[in-house]
Amino acid sequence: MNQDTIPIEDLELKSAQELLKWALEKYGYKIALASSFGTEDVVLIDMLVKINPTARIFTIDTGRLPQETYEVMDRIKEKYKIRLEVYYPDTESVEEMVSRHGFNLFYRSVELRCLCCKVRKVESLNRALKNLDAWICGLRREQSLTRTEIKKIEIDQVHNSIIKINPLVDWTEKEVWDYIKENDVPCNSLHDKGYPSIGCAPCTRTIKPGEDIRAGRWWWEPPEKKECGLHCKNKEILK
Ligand code: SF4
């Protein structure tokens, strides 16, 4: 069967590696993995590089990341010999925001937190996706209340209706960790200190037993508000 004509329902049944292989063959240089170097992202990097060592991988440096995240980025770059594409926020926008609202604006209201995520993350993501036909993400359904409905293949209506591929949507946390151990994948040392999900340093804390794994992200906000704008308003292809 021509790979272009595989029905969406069949793609949803593919394993993560099968889906990545299909996506790399279909989109070539016009697809990239968005990586924040969380556990799912390092799994995907390992899989991608094994399929195609020149697969594109990009990251967004918000300027507020923990030192441990920079360390794992370098370890991954070294191990897999990848060329990591790095996007930074627009300098003038950061200067304007911080001059007006202060360095720690995100704690004061959801609106100011969203402004910071917009300036430091979302605008950088928009630039990264501008010339792509598809992107790959490490989202999983069990990560949080806001992610229970995501599909393996979606149309990203926020970003010019390009395709968004989520190969690990149906993976459990245990499956992610088993893969990391079996394949000796480098990961962020903060995971060993009680941080299951890691974003910017001031917006990430450890979680308590029984809390969901993203409870430590923007912990002062209600759970249904906790997305940074990178993964909002996507619509699945098939209803
Ligand atoms: Fe700003 Fe926090 Fe969002 Fe990072 S996670 S961009 S510091 S509000």
| Under 15 Å from a point 7 Å along the Cα-to-Cβ line of residue 107: which residues of region 194-211 have their amide N that close? | 201-206
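Taking 22 Å as R0, compute the FRET efficiency from the Cβ-Cβ separation of residue 83 and residue 130 and round it to 0.05. Can you show the working numbers first?
Details: r = 19 Å, r/R0 = 0.85.
Computed FRET efficiency for residue 83 and residue 130 comes out at 0.70.
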| Spatial separation of Cα centroids for region 81-129 and region 169-208, in angstrom | 23
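Full-extension gain between residue 98 and residue 183, please, as 0.36 nm times their residue separation minus the C-alpha to C-alpha distance. Don't skip to the answer; put the middle values down first.
On the way: separation 85, 0.36 × 85 = 30.60 nm, distance 4.17 nm.
Going from the current span to full extension adds 26.4 nm.
Residue 54 to residue 149: extension gain in nm, 0.36 nm per residue of separation minus the Cα-Cα distance?
Details: separation 95, 0.36 × 95 = 34.20 nm, distance 3.13 nm.
Here the segment from residue 54 to residue 149 would lengthen by 31.1 nm.
Evaluate the relative contact order of the chain (contact order divided by residue number), counting alpha-carbon pairs under 8 angstrom at least 6 apart; express in whole percent. Intermediate values should be presented prior to the final figure.
On the way: 357 pairs, mean separation 56.0, N = 239.
With pairs under 8 Å counted, the relative contact order is 23 percent.
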| message | Can you tell me how region 31-178 classifies by the Cα gyration tensor, rounded, prolate or oblate, using a/c under 1.5 as the rounded cut? | response | prolate
| remark: Of all DSSP beta bridges having both residues in the chain, the percent classed as antiparallel (nearest 5) is 35
| request: Compute the distance in nm between two label points, each set 7 Å from the Cα along the Cα-to-Cβ direction, one at residue 201 and one at residue 12. | output: 4.3
| query | What residues qualify as long-range amide H neighbours of residue 33, i.e. H under 5 Å apart, gap of 5 or more or another chain, H built at 1.01 Å from N? | reply | 56, 57, 58, 136
| field | Net dipole in debye of region 94-202 [+1 Lys, Arg Cβ; -1 Asp, Glu Cβ; about Cα centre; nearest 20] | value | 400
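The numbers here are math on the coordinates, done by the rules we state, and not lab data. None of the values given here were measured: they were computed from a predicted structure. Quick reminder, even Gly has a Cβ in these numbers, built from the backbone with ideal geometry, and neighbours come from all protein chains shown.
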